[in-house]
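The values are calculated or read from the model by the stated rules, or taken from the named source; none is laboratory data. Model, not experiment: these values are computed from the prediction. With ideal geometry, Cβ positions are generated from the backbone for all residues, glycine too; neighbour counts draw on all protein chains shown. The accessibility values were calculated without ligands, DNA or RNA, using every heavy atom of the protein model including side chains. Shrake-Rupley method; radii C 1.70, N 1.55, O 1.52, S 1.80 Å.
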Amino acid sequence: MEARTEKPTSGNPYARWWTEEVRQAHAAYRQNYSEERRRDWHKAIRRAKAAYWRQQVSEANTPAKAYALAKWAKARSQFGDPPLKDPAGGMASDPKGKGRVFLRTLLEKAPRTSFPAEAGPAVRAIPLSNTLTTDEIEDALLRTASTSPGEDMITTDVIKAGWPALKGPVCALYRASVLLGHYPKVFKKSRTVMIPKAGKRDLTDVGSWRPIALLSCLGKGLERLLARRIALEAVQHQVAAKTHFGALPKRSAVDLAACFISDVEEALNRGRSVAALFLDIKGAFNIVTYTKLLSRLRL
């Protein structure tokens, strides 16, 4: 059995950082409620907590202990999430009920039936090299900001730390995936979490939440590599319009704004009127039919 000192109070759970020094300082403060002894007691608490967590960090030599520390370090809110208004009527207060509301209203907007994909050869074929260099793989997988992991809970920092041992297998996996035209199913698995939108105060409204799909960092590295190649080929072969700036190398929103301002100023200098139309399709990504998207990608 683990030996421990007396609990700080009889009504609270056992505090593992509670030491004999803290107990004596607390007893001295209860005997004489002075400001000096109160400060001594709080200083003893801070020293005990710091010593306890330094020991926990130094002893976190297994995955279970490391994940336990990471869970403890997460920010916690003293208030629970508010109930959720169901557009069909009623309120959902338990996690399962909220999950069903989110699933029905935010994640099941895509059509149940898909249009058949176009068959036959593409009108214009652009060859894409199957050769992947090690530097290209490392740039797509390692030289990026650390993101939240998927179901495997493997972060980019973990991959970086183990890269000397993982380099060979990961490079072989990426090259085989591109050569065979096969994307591993395990990379397609995700866990979806709901995060509140910035500036939204009414968290009982479904529209105040945004779904985020957390995918495997290894899979995201392969996706990033292929996306960069496709974007580069689209620019080099002039597939994308000159006015298209999204997700293309050497083009950004700043360039687009500069082009827009230039066109407006040129029109005004010629004494003309200027009108602009801005469109934002609500939930466009959630309702995309993938077969139609694949047909649009055919050249």
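Which one, A125, A253, A70, has the greatest fluctuation when you compute a Gaussian network model over the chain with C-alpha springs under 10 angstrom?
Most flexible of the set in this elastic network: A70.
What part of the accessible area of the chain, given as a whole %, is carbon or sulfur when the probe is 1.4 angstrom? Can you show the working numbers first?
Numbers: 12660 of 22070 Å².
Taking all protein chains in place, the chain shows 57 percent carbon and sulfur surface.
Rounded, prolate or oblate: which fits the stretch 138-250, taking a ≥ b ≥ c as square roots of the Cα gyration tensor eigenvalues, rounded meaning a/c under 1.5, else prolate when a/b beats b/c?
Details: a/c = 2.16, a/b = 1.20, b/c = 1.81.
Taking the square roots of the gyration eigenvalues as a ≥ b ≥ c, the stretch 138-250 is oblate.
Using protein chains only and a probe of 1.4 angstrom, how many square angstrom of R175 are accessible, to the nearest 10?
Counting only protein heavy atoms, R175 exposes about 90 Å² to solvent.
Which value, in Å³ per residue, describes the convex hull spanned by the Cα atoms of the stretch 253-299? Each step should come with its number before you reach the end.
Working: hull volume 6.1 nm³, N = 47.
Looking at the stretch 253-299, the number lands at 130 Å³ per residue.
Size of the dipole of the stretch 195-240 about the Cα centre, Lys and Arg at +1 and Asp and Glu at -1 on the beta carbon, nothing else charged, in debye to 20?
Details: 8 positive and 4 negative charges, 28 e Å.
Magnitude of the dipole: close to 140 debye.
From the Cα trace of the chain, what convex hull volume per residue do you get, rounded to a whole Å³? Working shown, then result.
On the way: hull volume 86.2 nm³, N = 299.
Taking the convex hull of the Cα positions in the chain, it is 288 Å³ per residue.
Can you give the net charge of the other residues whose Cβ lies under 11 Å from the Cβ of V274, counting K and R as +1 and D and E as -1?
Working: positive: R270, R272; negative: D263, E265, E266.
For residues surrounding V274, the net value is -1.
Based only on Cα atoms, what mean projected area does the convex hull of the stretch 17-66 have, in nm²?
3.6
Add +1 for every Lys or Arg and -1 for every Asp or Glu among the other residues with Cβ under 12 Å from the Cβ of W53, and state the total.
Numbers: positive: R16, R46, R47, K49, R54; negative: E59.
My count for the surroundings of W53 gives +4.
Taking amide hydrogens as modeled 1.01 Å from N in the peptide plane, which residues meet the under 5 Å criterion relative to R191, leaving out close sequence neighbours?
E151, L214
If you fit an axis through the alpha-carbon atoms of helix 35-58 and take the longest principal axis of the Cα set of the chain, what angle between them do you get, 0 to 90°, nearest 10?
So the inclination is approximately 50 degrees.
Taking Rh as the Kirkwood radius computed over C-alpha pairs, what is the Stokes-Einstein D of the stretch 179-241 at 10 °C in a medium of viscosity 1.306 mPa s, expressed in µm² per second?
Values: Rh = 14.8 Å.
So the translational diffusion coefficient is about 107 µm²/s.
I want the local charge near S177. Using Cβ-Cβ distances under 12 Å, sum +1 for each Lys or Arg and -1 for each Asp or Glu among the other residues. Walk me through the numbers on the way to the answer.
Details: positive: R175, K185; negative: E223.
Surrounding charge for S177 is +1.
Dipole of the chain (Lys/Arg Cβ +1, Asp/Glu Cβ -1, origin at the Cα centre): which of L141, S273, W17 lies farthest to the positive side?
It is W17, whose Cα lies furthest towards the positive end.
Could you work out [θ]222 nm for the chain from helices alone, using -39500 (n - 2.57) per DSSP H run of at least four and dividing by all its residues? Round to the nearest 500 deg cm²/dmol. Present the calculation step by step, with values, prior to reporting the outcome.
Numbers: 10 runs with 132 residues, N = 299.
Helix contribution divided over all residues of the chain: -14000 deg cm²/dmol.
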